[in-house]
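One structure is given below, encoded as structure tokens.
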Amino acid sequence: MASRTKSGTRREPDSRGGKPAALVVHGPNLNLLGEREPALYGITTLSQIDSQLNVLGRELGIEVETFQSNSEGSIVDRIQAARGRFDVLIINPAAYTHTSVAIRDVILAVGVACIEVHLSNVYKREPFRHHSTIADVAVGRIMGFGAEGYMLALRAARNLIEASRMAGAAAKLT
């Protein structure tokens with residue numbers, strides 16, 4: 001039996017046996033972390049971030065799936081495939097933050113709670129980086145904490161999932 005998310009989007013039955021799940025999407029050039037501008041982005045590699053997310057996910061009881069692409073279309077396709085499978089989307093759209101209406105639209109279309117993450121504090125950078133096309137559709141934004149920002153986002157995701165499940169359980173009682 002399908003249910004509806006807070007936004008009213010249809011959600012298919014959970015094929016994970018009820019285990020909460022988060023999809024983490026990394027945008028363009030994040031595959032170069034650890035090499036690319038380490039003074040700005042740090043020395044932690046994307047592989048290390050993904051590994052840390054999986055370890056923390058196990059601790060929090062959340063299944064974590066990660067995905068990275070330099071292609072906007074691939075990111076849109078992956079988020080579309082998340083519908084009904086994930087409770088939360090954690091995304092660092094990287095350069096697409098400032099330009100991608102397509103990513104914004106797919107986040108709205110799938111109806112999955114979204115947390116936006118950035119390694120650097122975008123407000124301490126060039127003015128064009130201050131605008132996010134997804135800020136108004138994200139539950140929250142985490143920036144400026146380097147790789148730790150992803151861990152903060154996963155903890156926030158757990159809290160969102162718990163609150164959503166509690167609200168769902170309360171609704172069933174009424």
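The values are calculated or read from the model by the stated rules, or taken from the named source; none is laboratory data. In this text, all values refer to a predicted model and were calculated from it rather than measured experimentally. Every residue, glycine as well, gets a Cβ built from its backbone with ideal geometry; the counts of neighbours run over all protein chains shown.
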T44 versus (1) β-branched (V, I, T); (2) outside any helix (DSSP H, G or I); (3) in contact with a helix residue (DSSP H, G or I) (Cβ under 6 Å, 6 or more places away or on another chain): which is the lone unmet condition?
-> (3)
Selected residue (criterion: nearest to P20 (Cα to Cα)) from residues of the range 147-161 that are in contact (Cβ under 8 Å) with a residue 40 or more places away in the chain and charged (D, E, K, R) = R158
Identity of the residue in the range 45-63, among the aliphatic types (A, V, I, L, M) and free of Cβ contacts under 8 Å to residues at least 60 places away in the same chain, that ends up surrounded by the fewest Cβ atoms within 10 Å (Cβ to Cβ) = V55
Of the candidates I91, I49, I43, I62, the one satisfying the condition of being among the β-branched types (V, I, T) and closer than 17 Å to A138 by Cβ is I91
Is it the case that D87 is under 15 Å from the mean Cα position of the chain (by Cα), surrounded by fewer than 18 Cβ atoms within 10 Å (Cβ to Cβ) and of a type in the set (D, E)?
-> no
Taking into account only those residues within the range 87-139 that are in a loop (DSSP other than H, G, I, E, B) and of a type in the set (D, E), which is farthest from N54 (Cα to Cα)?
-> E126
From the list R83, R58, R36, pick out the single residue that is of a type outside the set (A, V, I, L, M, F, W, C) and modelled with pLDDT of 95 or more.
-> R58
Might you check whether a residue that is among the polar types (S, T, N, Q), out of contact with any Gly (no Cβ under 9 Å at 6 or more places or on another chain) and buried (at least 17 other Cβ atoms within 10 Å of the Cβ) occurs anywhere in the range 122-137?
-> yes
Has the range 64-79 got any residue that is under 16 Å from M151 (Cβ atoms), surrounded by 15 or more Cβ atoms within 10 Å (Cβ to Cβ) and of a type outside the set (D, E, K, R)?
-> yes
Yes or no: G140 surrounded by fewer than 17 Cβ atoms within 10 Å (Cβ to Cβ) and within 12 Å of the chain's Cα centre (by Cα)?
-> yes
